[in-house]
């Protein structure tokens, strides 16, 4: 494990500004403490790993539910994607635990994946997603009762549009949804649900600038002025309405006070621009968040461009070009995991200083479609894929320490 963590070169501490009379420090990996836990062994096809699951924290338990995979025939061979609805939870592991104590505690309402899930109000809010045939408008809150190991799922107001593959973030009483496919089309739209006024239902905020963003990451943090703001990074868009496909490494910040967006430069580590499309983020506090995973923007953009060419070839009835592009697509799907160059850097963003810091490099978090959860100084990366169509049945725990 030590060669993956490269602790002598990659670990260091970032001293933050004093905020509200205290100073916090950037976490770093503690003594190579990276552990790998497995999925539920008795869960059938879920034991093969899932991507794009809903996940969160409730009552000192980790949860994941839903998700999807290719359980029988690989995606590269035209296999069918299967969606799930089972809810699994496990107590937060202790330092001495070698396995997770997974238990099946119920089912969500839909076979679904690719939605948003956030931990808030003592439960886990799940919004949108898709079952592979249609996108969803639904929103629900899961509440867990640890004494009886039971869950309840209560409906929230439906979204005004169907949404999947969007980003989401929350404050104590509000949840924000941004980007994704709105009614099947890559979108710049942003929605807010205020839990102190559910009768108001979802409110649409000003759209973020630039290209639409599918699979972005979002987090609410304090901006350099010390005000809470919604941040969005990463994301991509297929060709829409004649526009070229795009990937968007940069970010935008929506100031709740100003009611407007402004650009944030793309994450940059030692001159290397990072891309979090398909990645994940976990908030540590109002000024620190940790980001991990995501596809390689250049390789993924080439795939999107090929899909756009295929669409044109079909419209033009160009059989030769279609056949050529099919071979290219097959070649794309059958490379080794290393070829895809998924992001293997776990980084901290300090929103007050608008600074990015690398805390560890490990292939174990180089995933797309994983869920990232922070609890008491430990990051949990749940599931995801290590290459297109190939899931991992792992929960990777990275222990952090503040100095």
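Which one of 86, 130, 143, 90 is modelled with pLDDT of 95 or more, closer than 16 Å to residue 55 by Cα and in contact with a helix residue (DSSP H, G or I) (Cβ under 8 Å, 6 or more places away or on another chain)?
Going through 86, 130, 143, 90 in turn, just one is modelled with pLDDT of 95 or more, closer than 16 Å to residue 55 by Cα and in contact with a helix residue (DSSP H, G or I) (Cβ under 8 Å, 6 or more places away or on another chain): 86.
State whether one or more residues within the stretch 148-161 are exposed (fewer than 15 other Cβ atoms within 10 Å of the Cβ), assigned to a strand (DSSP E or B) and touching a residue at least 40 places away in the same chain (Cβ under 8 Å).
yes
Tally time: how many residues in the stretch 372-391 are buried (at least 23 other Cβ atoms within 10 Å of the Cβ) and assigned to a loop (DSSP other than H, G, I, E, B)?
The number of residues fulfilling the criteria is 2.
Taking only the stretch 186-224 into account, find how many residues are touching a residue at least 24 places away in the same chain (Cβ under 8 Å) and farther than 19 Å from residue 236 by Cβ.
14
Being part of a loop (DSSP other than H, G, I, E, B) and modelled with pLDDT under 95, is that true of even one residue in the stretch 271-279?
Checked against the condition, which is being part of a loop (DSSP other than H, G, I, E, B) and modelled with pLDDT under 95, the stretch 271-279 yields at least one hit.
Would you check if there is a residue in the stretch 172-181 being surrounded by 15 or more Cβ atoms within 10 Å (Cβ to Cβ), in contact with a strand residue (DSSP E or B) (Cβ under 7 Å, 6 or more places away or on another chain) and part of a loop (DSSP other than H, G, I, E, B)?
So far as the stretch 172-181 goes, yes, one or more of its residues are surrounded by 15 or more Cβ atoms within 10 Å (Cβ to Cβ), in contact with a strand residue (DSSP E or B) (Cβ under 7 Å, 6 or more places away or on another chain) and part of a loop (DSSP other than H, G, I, E, B).
Select from the stretch 41-50 the residues that are surrounded by fewer than 19 Cβ atoms within 10 Å (Cβ to Cβ) and either over 14 Å from residue 66 (Cβ atoms) or in contact (Cβ under 8 Å) with a residue 60 or more places away in the chain (or both) and list them in ascending order.
Those that are surrounded by fewer than 19 Cβ atoms within 10 Å (Cβ to Cβ) and either over 14 Å from residue 66 (Cβ atoms) or in contact (Cβ under 8 Å) with a residue 60 or more places away in the chain (or both): 41, 42, 43, 44, 47, 48.
Looking at 386, 400, 379, can you tell me which residue is over 15 Å from the mean Cα position of the chain (by Cα) and touching a residue at least 12 places away in the same chain (Cβ under 8 Å)?
From the options 386, 400, 379, the qualifying one is 400.
Given the residues 291, 342, which is the only one that is at pLDDT 95 or above, surrounded by 15 or more Cβ atoms within 10 Å (Cβ to Cβ) and in contact with a helix residue (DSSP H, G or I) (Cβ under 9 Å, 6 or more places away or on another chain)?
Residue meeting the stated conditions: 342.
Looking only at the stretch 310-328, decide whether some residue is at negative phi, outside any strand (DSSP E or B), surrounded by 14 or more Cβ atoms within 10 Å (Cβ to Cβ) and in contact (Cβ under 8 Å) with a residue 40 or more places away in the chain.
No, the stretch 310-328 contains no residue that is at negative phi, outside any strand (DSSP E or B), surrounded by 14 or more Cβ atoms within 10 Å (Cβ to Cβ) and in contact (Cβ under 8 Å) with a residue 40 or more places away in the chain.
The values are calculated or read from the model by the stated rules, or taken from the named source; none is laboratory data. Keep in mind the model is a prediction, meaning the values are calculated, not measured. Ideal geometry is used to build each Cβ from the backbone, glycine not excepted, and the neighbour counts take in all protein chains shown.
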